[in-house]
1. Tell me, what ³J(HN,Hα) does each residue in region B:237-248 have, in order and in whole Hz, if you take phi through Karplus 6.51 cos²θ - 1.76 cosθ + 1.60 with θ = phi - 60° and put x for Gly and Pro?
2. Got a sec to turn the phi values of region A:22-31 into Karplus ³J(HN,Hα) couplings, 6.51 cos²θ - 1.76 cosθ + 1.60 with θ = phi - 60°, whole Hz, x for Gly and Pro?
3. When chain B is treated as a GNM, springs tying every alpha-carbon pair under 10 Å, which of B:F89, B:F233, B:F75 comes out with the largest mean-square fluctuation?
4. Show that you can apply the helix-only estimate: for chain B, add -39,500 (n - 2.57) for every DSSP H stretch of four or more residues, divide by all residues, and state [θ] at 222 nm to the nearest 500.
5. Mind listing the phi-derived Karplus ³J(HN,Hα) values for region B:140-148, rounded to whole Hz, using 6.51, -1.76 and 1.60 with θ = phi - 60°, and x for any glycine or proline?
6. So, in Å, what gap is there between the alpha-carbon centers of region B:192-206 and region A:46-106?
7. Keeping to pairs on different chains or 8 or more places apart, tell me how many lysine pairs in the protein assembly as shown have Cα atoms under 26 Å apart.
8. Label B:T88 and A:T51 with points 7 Å out from Cα along Cα→Cβ: what is the distance between them in nm?
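Bear in mind that the values in this text are calculations on the coordinates, not laboratory data. Just so we're clear, the structure is a prediction, and the values are computed from it rather than from any experiment. Every residue, glycine among them, receives a Cβ derived from its backbone with ideal geometry; neighbour counts consider all protein chains shown.
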Amino acid sequence: MKRWALAILIVLAAVACAPADGTAIGIVTSIDSAGLGGVRGFILRTENGETLDFTIRGPVALDGDAFPPDHLREHMASAESIAVAYRTEGGLRVVVRLTDASAQDG
Amino acid sequence: MLPILVSSELAKGPTRFLFSLTDRANQLIAAPNVDVHLVFYDVDVAPDTVAFESDSRFIWAVEGERGLYVAHVEFSSAGRWGTRFNATFPDGRTQTVRADYDVRETTSTPAIGTTAPSVDTPTAAGAGDLGSISSDPEPEPRFYETSIAEALAAGKSFVVAFATPAFCRTATCGPTLETVKSVAEDYPDLTFINVEPYVMEVRDGSLQLVRSADGQLQAAPWTEAWGLVTEPFVAVVDDQGTVRAKFEGTIAADELVEAIEAL
């Protein structure tokens, strides 16, 4: 198995530990924020070109290697892939946990 | 080729325009040997008429690994704008893509040329232990000697970095504070200030985030006073208390040096 594929499997396994309905990996292309501590959502573009909207509603896990929504812009700046664990509420993808996808490849 | 507009605040007037480029499989195109020329359009006035053009420069977000582009431009008005990104690759190939976006009337952070907000920020004198005011595992003591309010009151030029290393557990995060620290070594007489942008407290022997009732992170009072919408954020202030330069997100050492040298 190629190294990158193994890394993705590791990431998916890690985010799967959170109570989530799904996971997605991609790069952040837009952030909707009302200020620090006030990220309301973001858009993720997956490797197959799919564009997914995510909503921040309530606490986002910060355990282990997870990072807060306010840190998304650093990953956006370097076009670094992130892994998003999410649950579905009323048709919205609500973020459960954010981790650095490519950082696992080390 | 797809553009990513990284700047959180595009506003009328002088603007630091940060962007990246990827391919459709999310592979990074931004690289030091890929030149990008920008063509801007004031969509509200004439959507397909060139308003102005600008070259951009590549800067490293993570030295030697990943980076993005910066251009210093000036929007003449708020409203809808567009940019055509013209990339030239090392083999001479070119690619172009356009993106339209909104430009605001003002930014929430202090505009260049305006007075820096005077606000008390934590110092070692008030805290005693650097570990109680900085999440930097190797804090530079000099960065915690003076508060923003003290520097302004004393008429000192200073560099302030709203940056937290707390979340940078890997090298993929932009090491903004490390960049500022490296530049500071060459300016021993200049005041440098680092403040944690979020409300934090010491728990279980280490500095940790304080969440609000709904579990979100909270901007520290000094962060709110400066109107930050994202971090890290670095500003250069002169001895009159005027903001001379500001940098959102990734900053190149030579960008900061240039701003300091202009004081």
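1. Result, ordered by residue: 10, 8, 6, 9, x, 9, 6, 9, 7, 8, 9, 8 Hz.
2. Using θ = phi - 60°, the values come out as x, 9, 8, 10, x, 10, 7, 10, 7, 10 Hz.
3. In this elastic network of chain B, the residue with the biggest mean-square fluctuation among B:F89, B:F233, B:F75 is B:F89.
4. -3000 deg cm²/dmol
5. Ordered by residue, 3J(HN,Hα) equals 8, x, 4, 6, 10, 8, 10, 8, 4 Hz.
6. Spelled out, the Cα-based centre of one part sits 24 Å from the other.
7. Numbers: B:K12/B:K246; B:K156/B:K181; B:K156/B:K246; B:K181/B:K246.
Eligible lysine pairs with Cα atoms under 26 Å apart amount to 4.
8. Here the modelled spin labels are 3.0 nm apart.
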